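Since every read-out is calculated from the coordinates, none of them should be taken as a lab result. A quick note: this is a predicted structure, and the numbers were derived from the prediction, not measured. Note that each Cβ is placed from the backbone with ideal geometry, even for glycine, and that neighbours are counted across all protein chains shown.
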Amino acid sequence: MSDHNAPNDGSTGHEWDGIRELTNKPPTWWAWGFYAGLTFVTCYYIIYPSTPMNNKVQAFVNGITGQEVFVHGHTKGIMGLLHINDYYEGENWTQAEIDNLKAKGYNELKIKAGDRKYLDAWTAVNEMRDDVHEIESVRAKYMEKVKTMTADEIIADDEMRQFVLGRTRVIFGDNCAACHQSGGQGVLNKTDPGNSFPNLTDDDWLFGGWTDKIIETITDGRQAEMPAKGGNEDLTSADIDKLATFIHDGLSTGDAVLNDDGELVKGADNPTFAAANELFQETCAACHSANGKGANLNGDYDTGSANFTDTIWRFGGSLATIKQTITEGRKSEMPTWGGRLDPTTIKMLAVRVHEFGGGQPKPADE
Ligand code: HEC
Ligand code: HEC
C-alpha cells in the first residue's frame, strides 16, 4: 500500500510494501548520454530527409523489380537542399512515360514532364544510384577499350588484364563452372570416367593453349573421339593389356621413352614395352603421335588426343581405366558458345582461361 509521509528522508514519500521511491539525481554518465542522444537526433532530423509531408507524390520505377513505386514527399533535410546527389539530376520524367503510366491506371499521378525522376532529396537509394552510375561509367570506358584490343594485348596490359579477370569471374561461373568448376580445375570422375571434364589450369592442352586456339575452342566447341580399340578391330584383349601397361608403367612414368620416329630410346629391353610399341605405332600413333605426346604437342591441334608422357589424365590413369578407355573408346563434347556469347565476352573468357596459369604463347610456326 502507498503511504503519504512527510518526505524528509530523501524519498518522494511514496512507499509500496516497504519499497520507497528516492529523489536521487540520475548518474552523471547517464545524463550525458541522454543529452548526447538528444543532440544527435536533432541534428539527424535537420540533415537527413525526415517528416513525411505529403507535399508531392512521386512515382519511380524500381530498377531491380521493374515495378512502379509511389513515394510520398518529405522534408528534404540539408542533404537534399545542398543537392548532394547528382545522378537523378540527369533523369527527368518525359510526357511519354507519364502517359504510359496513366494508361496503366495511375491517373492520380501528380508528376509532370520535366520533374525529376527520383525523389528530390538525399536518400540512401539515390546515393546508391550515384555510386552505381559512377562505377558504370568507369566500366563502360574499360569495355570500349576491351573491344578494340586482342586477347594477347589485354594479357600484356596489367590494368586491362585485371579488369577482364574481375569481369569474367561471374560469366565463367554461370557458363563454364558447371563442367570445369569455378576455379577451372575440371573433374576427374573416378566412378564414371567418361563424365570427366578437363582441367583448364594446367599447361596440358588437348586443343592448344594459346589465345587464338582457346577462342576457337569456346566459339566453335570441340568434339573429340577416342575410337574403341583405336579403330583396330583386330586388337585382342591381350594386346590391350600390353598397350595399357605400356602407357601406365612406361610412357607416363618415363621408364619407356619414344623419340619422334617412334623408336624406344628407353625401355627397349622390356619385352612387353617392345611388343606394345609395335601395336602402338601401328594403331595409336596416327592420333597420339609416334612419340606418344599427343596431337597438340605435335602440331595437329584439332584431334584433341591425349599426351601419355605426362601424369595428367583426361579420363583417369589407373590401369583399369586406361584399359576401359582403349576397349570401349571415349567420346566427349565441349559445347559451342558462338552465338550464345558475343565475341567480346568469348575473348574475355579466353583471357581468363589463359590466365588460369597454363596458358601457352603462340608457337612461332602458327
Ligand atoms: C557441358 C559441359 C561443359 C561446359 C558447360 C563447358 N565445357 Fe569446356 N569442355 C568440356 C569438355 C567435355 C571438354 C573436352 C572436350 C573433349 O575432350 O572433347 C572441354 C574443353 C574445353 C577447353 C579445351 C581444353 C584443352 O585442353 O584444350 C576449353 C578451353 C574449354 N573447354 C573452355 C570452356 C569455357 C570457357 C566454357 C564456358 C564458356 C566451357 N568450357 C564450358 C565441357 C564443357
Ligand atoms: C582416331 C584418333 C585416335 C586413335 C587412333 C587412338 N586414340 Fe586414344 N584418344 C584419342 C582422343 C581424341 C582422345 C581424347 C578424347 C577426349 O578428350 O575426349 C584419346 C584418349 C586416349 C586415352 C585417355 C588418356 C587420358 O588422359 O585419360 C587413352 C588411354 C588412349 N587414348 C589410348 C589409345 C590407344 C592405346 C590407342 C591405340 C590402340 C589409341 N588411343 C588410338 C584419339 C585416338
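Brief remarks on what is shown
- The simple Förster model, with R0 at 41 Å and r as the Cβ-Cβ distance, assigns V187 and E127 a FRET efficiency of 0.40.
- Cα long-axis angle, helix 319-328 against the chain (0 to 90 degrees, to the nearest 10): 80
- In the elastic network of the chain, a GNM with C-alpha springs shorter than 10 Å, the most mobile of V41, V265, V187 is V41.
- The chain, dipole about Cα centre (Lys/Arg Cβ +1, Asp/Glu Cβ -1), debye to the nearest 20: 1520
- In degrees, nearest ten, helix 211-220 long axis to first principal axis of the chain (Cα): 80
- For the peptides 346-352, 179-185, 313-319, the ranking by packing is 346-352, 313-319, 179-185, with the highest mean count of neighbouring Cβ atoms within 10 Å listed first.
- Cross-link table K76/K102; K266/K293; K190/K331, entries beyond 20 Å C-alpha to C-alpha: K76/K102
- Rounded to the nearest 0.05, the FRET efficiency derived from the C-beta distance between R20 and T75 at R0 = 56 Å is 0.75.
- Considering only alpha-carbon pairs that sit under 8 angstrom and 6 or more positions apart, the relative contact order computed for the range 126-250 is 10 percent.
- Computed from the Cβ-Cβ distance with R0 of 45 Å, the FRET efficiency linking K147 to F34 stands at 0.15.
- Other residues whose C-beta falls under 12 angstrom from the C-beta of I154 contribute a net charge of 0, scoring Lys and Arg +1 and Asp and Glu -1.
- Of the residues C284, C176, the one with the fewest other Cβ atoms within 10 Å heads the list, and the complete ranking is C176, C284.
- Helical contribution to [θ] at 222 nm, DSSP H n ≥ 4, -39,500 (n - 2.57), averaged over the chain, rounded to 500: -11500 deg cm²/dmol
- P(r) tail, the chain: Cα-Cα pairs separated by more than 25 Å, 71% of all pairs.
- Nearby lysines by direct alpha-carbon distance to K147 (threshold 23 angstrom, same-chain neighbours under 8 apart not counted): K213, K347, K362
- When each of the peptides 12-24, 202-214, 92-104, 240-252 is scored by how many other beta carbons lie within 10 Å of its residues on average, the order from highest to lowest is 240-252, 202-214, 92-104, 12-24.
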